[in-house]
Amino acid sequence: MQHIETLLAQDRPREKLLRKGVSSLSDRELLAVVLNRGTSGQPIHVLAGEVLKLLDRGTTVPDIEALIKIRGIGPTRAAQLAAAMEFARRRMGGTGIKIREPSELLPLVRHYADRKQEHFLTTSLNGNNEIIATRVVSVGLVDRSVVHPREVFAEPITDRAAAIVIAHNHPNGSLNPSHQDEAVTRRLVKAGILLGIPVLDHLIFTHNDYYSFAESEAMPE
């Protein structure tokens, strides 16, 4: 990412937000707006990136101690971040958004398309196909050891989910499912059947397009 200080004024996160709206900003840019400024040794774009890495590793609001460990985040800024994220979680945690097709989930996960590593996501749905929550399960290559059923279904069980949709980004831009993608899908579908929480679809996405196992009639029986 280009240093914010070297960007034209209209392309800086705050100015971009005012011109184009919040949906035009990447996660890193949104964090840069919230953080407002960097430090002498930690420019704002680097600081926002470090906070983003921490958030991507977890599924809940990080604790104060974890935030303070980030260089450039002191107790005051850590408290502000934690409070903002907890407020958002309470107000927006259960989105109530109803989807008719799994692919309608894409607008809510596509911001992960800019990540340099694969992010595997699970979305819990209630009996009315309303979204309960979307969470990052793992970061890194999608394989059998990283994407384990116990990790994928742990939160949906707590959510009392009726079904889930799984998804992950392909940083290389390809939408073709790999053999590992297919193997992970088969394994999770089998686990979902045993748990009574069916996997409705597996979406692979980039910034511009997506692949749906269900739409391609590639979901395992």
Quote the relative contact order of the stretch 102-212 in percent (integer), defining contacts as alpha-carbon pairs under 8 Å separated by 6+ residues. 32
Separation between the Asn172 and Val34 pseudo-spin-labels, each 7 Å from Cα along Cα→Cβ, expressed in nm? 3.3
Would you mind counting up the charge near Ala32? Only other residues with Cβ under 11 Å from its Cβ, with Lys and Arg at +1 and Asp and Glu at -1. +3
Cβ-placed point charges (K, R +1; D, E -1), dipole of the chain about Cα centre in debye, nearest 20: 760
Debye equation applied to the C-alpha atoms of the chain, log10 I(q)/I(0) at 0.16 Å⁻¹: -1.15
The stretch 113-202 pair-distance distribution - Cα-Cα, 5 Å bins, rounded %: 3, 15, 28, 25, 17, 10, 3, 0
Two-decimal Rg/Rh of the stretch 96-161 from alpha-carbon positions, Kirkwood Rh? 0.98
Expected unfolding gain across Arg100-Arg14 under the 0.36 nm per residue rule, minus the alpha-carbon gap, is 27.5 nm
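Throughout, read-outs are computed from the coordinates displayed, never taken from laboratory work. Computed from a predicted structure; not experimentally measured. For neighbour counting, all protein chains shown are included, and Cβ atoms are generated from backbone atoms with ideal geometry for every residue, glycine included.
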